[in-house]
Structure formats: C-alpha cells, structure tokens
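Where a number appears in this text, it was derived from the coordinates with a stated rule and is not lab data. Computed from a prediction, not measured in an experiment: that's the story for all the values here. Backbone-built Cβ (ideal geometry, glycine too); neighbour counts: all protein chains shown.
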Amino acid sequence: MPKEDLILIHAPSVYDFRKESMFYGPVSDLVPSTPVFEMYPFGFTTMAVQLHKAGYRVRIINLASMMLNDKNLDVEKFLGRLDSAVFGIDLHWLPHAHGSLAVAEIIRRLHPGSKILFGGFSSSYFHEELIRYPQVDLVLRGDSTEMPLLHLMDALDKGTGLSGIPNLTWKDGTGVHVNDLSYVPDTMDHLDIDYGWIVRSVIRHRDLEGAKPFKDWDRFPITSVFTVRGCSLSCAVCGGSCGAMRRVTGRTKAAFRSPEKAAQDIANVESYIKAPVFVVGDIRQYGGDYAERFFKECRRLDLDSHVVLELFTPAPESYFREADRTFSQYSIQFSPDSHDEKVRHALGRRFDNAGLESSITSALQNGCQRFDMFFMIGLPEQTRESALGSADYTRRLYQQNGNDPRLAVYTSPLAPFLDPGSIAFENPEKFGYRLFARTLEEHRARLPSPNWKDVLSYETKWMSRDVIAETSYDAADRLSDVKRDVGLMTDEEHLLRSQRSKEARRLLVEVDAAMTLPESERKEVLVQLKRRGEELMESTICQKRDLVWDAPTILRSVPRAALGMLKGSRRKRA
C-alpha cells in the first residue's frame, strides 16, 4: 500500500537548472520567486485540504525550492524514496514547461506503477498535446479542480471508470479521451482554506523546506487570500483575463468568494502565521457593496495583519479612507503597465493618468504603508521611447508627492512568454506581435536557451527581442537615476545598481558570442559565464529585496501556530 495517496510536486522552470549554462536576466525581478519560478500555485493547498477532509493522504513537495537551497540534492534519489499512488505536477505557469515534463519523466521511470497527473492553466490550454507525452496519464482542466480531483481519486481508488470525471483528459489502451469541461463553479465559497493543514503537514513529514511556497519564504513570509477566480477585465496580454478564462477554463464569469469569507480567511491566516496577507483580486471588481462588506467584516474581526490590496483601476479617495480605517497597516499594489495612455488603451486598460495620479496621492494621504507600481516592457503600441518615458513620468509622480519614499516604482520586461489563451496570443498580428512559439513543445524547447532574450516567445512590430532586452536595462537605469535624484537611493546604492546593470549587459553580449563558437569551445566558455550569471540570478534590474515585506521570520510564528492548532482541535471536538 503506497505511503501517500497523492503527492503534489512543484518542479523548477528548467531541469536541471543547476547544471545548465543559463543567463536568466530580469525575468522574475518583480515576483517573490527566483528565475527558477519556485513558487507553487495556491491551488495546491485548496486541493490538498479537500482531499484531506475526504480521508486521503496528501503531501506537497516544492522540489524547485529544495533544489535551490540544496545544490547537492540528489533529485532522482529523493524522488525514488517517495511512495504514492498518484503524483500530481503543476503546469500552471508556462515557464514550467521544461521542468515539469522532465520531472514527470523521472517519476515515470522510478515509479512505473503510479499515475502521473497534470493540472493548471497551461495544462488546460495544451491538454490535448500534453496528454500525448508518454510520461503523462491524466490532465485536469479548469481553475477549480478540487471536486473533480476528489472524484478522480475516488475512481482510481475503487477501480471504476474515468469517463464520468468532469474536466478530465485521459488516455488508456484505446486512445485519448476528453471529458466535458462541465465543472465550473460560480462561487468560491465552497472552498475550505485551511493554513492549519500546512502546519500539520510540515510536522507530519518533518519537512518545512519541501512545503515552503518559495525559496526565502521562511525568512520573508507572505501569505495570500483569494477573492476571485477569473476576471471581469479583458487585458490583451493576460492569460487570466475574462476572454482567456472562457477559452481555457470554460469560465464565462468571475467566481467570487463572499467578502465575509475572504475576511475570515485573513483571520484564519493570523491564527497560524504572523505575516503580511496579499488579497488577490481587486475587491471592487464584484461591484455593489462587496468592498464595503469586506472592510466591515475585517473591522469586526479586529485583524492585526499587514494587508496588501490589489488595484486593477484607479480608486477614489473614499476607498483609501476605508482601508486606513480598517487596517492597522495596509499597502497597495497597482500595475498600470505603462505611463503611456495609448499603450495602456491598446492593452484594454481604459483609464487615464489623472485617475492614476489621484489614486497615488489619496493612498499616501490616507495611511498607505507602501504603494507599489509596476511598468512592463514589450507591450502593444509601445516603442523604445515610450518604455523609457516611464522613468520620466516616475520623476513627475515623486514631485507630485513630495518625494514620498512609500511610493515604489518598478519596471520589467514582459517575460518570458506571451500568455497562451490571452487575446494577443490568439490574435498576435492584431496587437503587433510576432510569436516564436505556439505549441507546448515549442515553449518547452526555448526554456533552456543560454540567453534570456532568446527564451522570449515574442517580439513586437515596435521592438525586436534585442531591443526589448536593451530597453529593459536602459529603463531600469533611468529609474535608478530618478530614485537617486529624489533621495530614495544613496550614491553608493546607485553605483552598485549601475555596476550590476553593466555586468548584465556584458553577459548578454558574451553569451551571444559564445553561441557562435564551435561546440567544443562553447561549452567551456558557457560554464565560465554561468558562474557570473548566477551572481545576477536575482535582482538583475531592480533590487528584489525592495519587494520584501517587513515581517518576522517564520520561526517567530511557531508559538502562534501551536496555539492555532490547539484551538482548531478544540473546535473540531466541539
């Protein structure tokens, strides 16, 4: 009898990144994870909790994080020691196309009697291609696979047929079968989001490393609460937009979690972990009184977390007054993508700069701890001059707000891929894109490329991949100049940032040159360049530590977690 019923494994972007000669570039500078993209999807937790409630033994293993933190980890030996009836591997974000399939291939060889299951957005989009890989047995489609997974595990446990499992693509001796995409719940209120399960799982397996959401989570913890699956907006390059969700997951409208349950989720997090809570989704998206009810319930629960709120469009001053009235600490994250209204409108973002500027000022005047804003490079209608102009616009924003250090502006290339399912991916010519990859295999094959700009799956009619790469460094340098000039960066910090940028530019050229060498010479040169590239693996064009939230290490939450588990067990007995 297998030790586990299901082990959920998160693979690195490229396997084995520790041996490949790669210069990652700034592909992950604006997310908590490294370029290995070691942060596993939140759905791992909700699926595991659902199966645990039904009596199944489930474990989460963040293999990517383990490989980052232990360079000597023997992956095959580690995987060989595992014992599970089913191994679930996420192919949620497409940058995992290489690593997820490689890990699946190893598991197939080491555990030929186990089933291998894939899921996630990218799995859903490419399900008919994915199922034809020999190491893949099953693919669950959609953004809400908790119940279909339970039905699948029941069917596998009892040996019944799979034809009635919703959202399942599978194969047997007769060929490939695609079941109807029929399970698309219109609410998130059925989900049991239990951080206590994660704590208990860590204790049971004596494995914090394998359960961590990303590499440095134990030192810089942050948690998440989801208010929505799907979206009401149609941003052209987003794989999570309403049009993409309809194509990929069968979702015709966004599914929301009630504001009361979302607030309670934050309280549940607080029971176990002292860390900032990122509220995923703009709470105004539902319309009506959703935001008002959310704030009211948070006040009733008397939350003490640092709550990070997401904006999709500018908000009125009343919104920030309510946030300040509700939380002891709150921050804002907003991605207008470009300062250029023409570019933003081409993306489907229909708001002007006046509204954006008003939101920043209103937030800072109403207790906002930090206002993070993100610009992207590689967008429709965006020229090199437009992308560089974001730095000049940032200078204006600081002038308008008295050089307030709480305003933090970042820039990064749209990398590495254009989201499958997005409007621009489906109609690239309409949005000025030229795609270099359309199939799953074409994306997978690009990922181990030594130079990050060659991994890019697109270029635009306004900027080639070379220009996108060059502009990304230039825009970051200009932004650093602005931060130095307004007093948010010391001369020493500015010098270090400039030196890293120059080294990254040199590597870009040297890796290109190495690729022209005969194979016998190329490998040796790339190994030497790899060492230099690893020093730039994080914070290539921005300081990733600027994105870290002030919070005690996870070890400081041990007493809180123990008390939370005790209270949880008392509630169950009651």
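Determine ³J(HN,Hα), in whole Hz, for all residues of the range 177-186 in sequence, where each value follows from phi through the Karplus function 6.51 cos²θ - 1.76 cosθ + 1.60 and θ = phi - 60°; x replaces Gly and Pro.
Running phi through 6.51 cos²θ - 1.76 cosθ + 1.60 with θ = phi - 60° gives 10, 10, 6, 4, 7, 9, 9, 9, x, 9 Hz.
Could you state the number of Å between the C-alpha centres of the range 3-80 and the range 154-172?
Result: 26 Å between the Cα centres.
In nm, to one decimal, how far is the modelled label at residue 177 from the one at residue 252, with both set 7 Å along Cα→Cβ?
2.7 nm
Can you give the translational diffusion coefficient of the range 165-205 in µm²/s, computed by Stokes-Einstein from the Kirkwood radius over Cα pairs at 4 °C and 1.567 mPa s?
Numbers: Rh = 13.7 Å.
D, rounded to a whole number, is 95 µm²/s.
Is it possible to state the helix-based mean residue ellipticity at 222 nm for the chain, with each DSSP H run of 4+ residues giving -39500 (n - 2.57), the sum divided by total residues, to the nearest 500 deg cm²/dmol? What is it?
Values: 23 runs with 250 residues, N = 574.
Helices in the chain give a 222 nm mean residue ellipticity of -13000 deg cm²/dmol.
Which values of log₁₀ I(q)/I(0), to two decimal places, follow from the Debye formula for the range 313-372 at q = 0.13, 0.17 Å⁻¹ with a uniform point scatterer at every Cα?
-0.35, -0.56
For labels at residue 505 and residue 524 in the simple 7 Å Cα→Cβ model, what's the distance in nm?
My value for the distance between the label points is 3.0 nm.
Evaluate the Kirkwood expression for the hydrodynamic radius of the range 1-126, namely the inverse of the mean inverse distance over all pairs of different C-alpha atoms, and round to one decimal in Å. Write out the running numbers ahead of the final one.
Working: mean 1/r = 0.0666 Å⁻¹.
Its Kirkwood hydrodynamic radius stands at 15.0 Å.
Between residue 42 and residue 157, how high is the FRET efficiency from 1/(1 + (r/R0)^6) when r is the Cβ-Cβ distance and R₀ = 30 Å? Nearest 0.05. Don't jump to the answer; show the numbers that get you there.
Numbers: r = 26 Å, r/R0 = 0.85.
Approximately 0.70, to the nearest 0.05.
At a 10 Å Cβ-Cβ cut-off, how would you order 520, 359, 271, fewest neighbours first? Let's see the in-between values first.
Numbers: 520 7, 359 25, 271 16.
In order of increasing Cβ crowding within 10 Å: 520, 271, 359.
Check the straight Cα-Cα distances from residue 483 and name the aspartates and glutamates below 15 Å, setting aside those fewer than 8 residues away within the same chain.
372, 392, 404, 474, 491, 492, 493, 546
Name the residue from 368, 380, 273 whose Cα lies farthest towards the positive end of the charge dipole of the range 248-390, charges +1 on Cβ of Lys and Arg and -1 on Cβ of Asp and Glu.
Of the options given, the answer is 273.
Which whole number in µm²/s is D for the range 221-489 by Stokes-Einstein, with the Kirkwood Rh taken over Cα pairs at 37 °C and 0.692 mPa s? Mind dumping the intermediate values first?
Working: Rh = 19.8 Å.
Value of D from the Cα-based Kirkwood radius: 166 µm²/s.
What is the fewest-to-most order of 10, 127, 494 by other Cβ atoms lying within 10 Å of their Cβ? Could you put the intermediate results ahead of the total?
Values: 10 28, 127 25, 494 17.
In order of increasing Cβ crowding within 10 Å: 494, 127, 10.
Between residue 439 and residue 517, what length in nm is gained on full extension when 0.36 nm per residue of separation is reduced by their alpha carbon distance?
Extra length from residue 439 to residue 517 when fully extended: 25.1 nm.
If every alpha-carbon in the chain counts as one equal scatterer, what log10 I(q)/I(0) does Debye give at q = 0.08 1/Å?
Taken in order of the listed q values, log10 I(q)/I(0) reads -0.54.
Return the subset of 71/212; 261/296; 253/342; 3/158 for which the Cα-Cα distance in this structure is over 23 Å, preserving the input order. Numbers along the way, then the final one.
Working: 71/212 17 Å; 261/296 12 Å; 253/342 28 Å; 3/158 17 Å.
Table pairs above 23 Å Cα-Cα are 253/342.
Trypsin sites (Lys or Arg not before Pro), restricted to the range 356-426: which are DSSP loop and have at most 13 other Cβ atoms within 10 Å?
Details: sites: 370, 384, 395, 396, 406; in loops: 370, 406.
Within the range 356-426, no trypsin sites (Lys or Arg not before Pro) qualify (loop, at most 13 other Cβ atoms within 10 Å).
At residue 299 and residue 531, where each label point lies 7 Å from the Cα along Cα→Cβ, what is the point-to-point distance in nanometres?
6.1 nm
Just subtract the alpha-carbon distance of residue 190 and residue 493 from 0.36 nm times their residue separation and send over the number in nm, one decimal.
Working: separation 303, 0.36 × 303 = 109.08 nm, distance 4.84 nm.
Computed gain between residue 190 and residue 493 is 104.2 nm.
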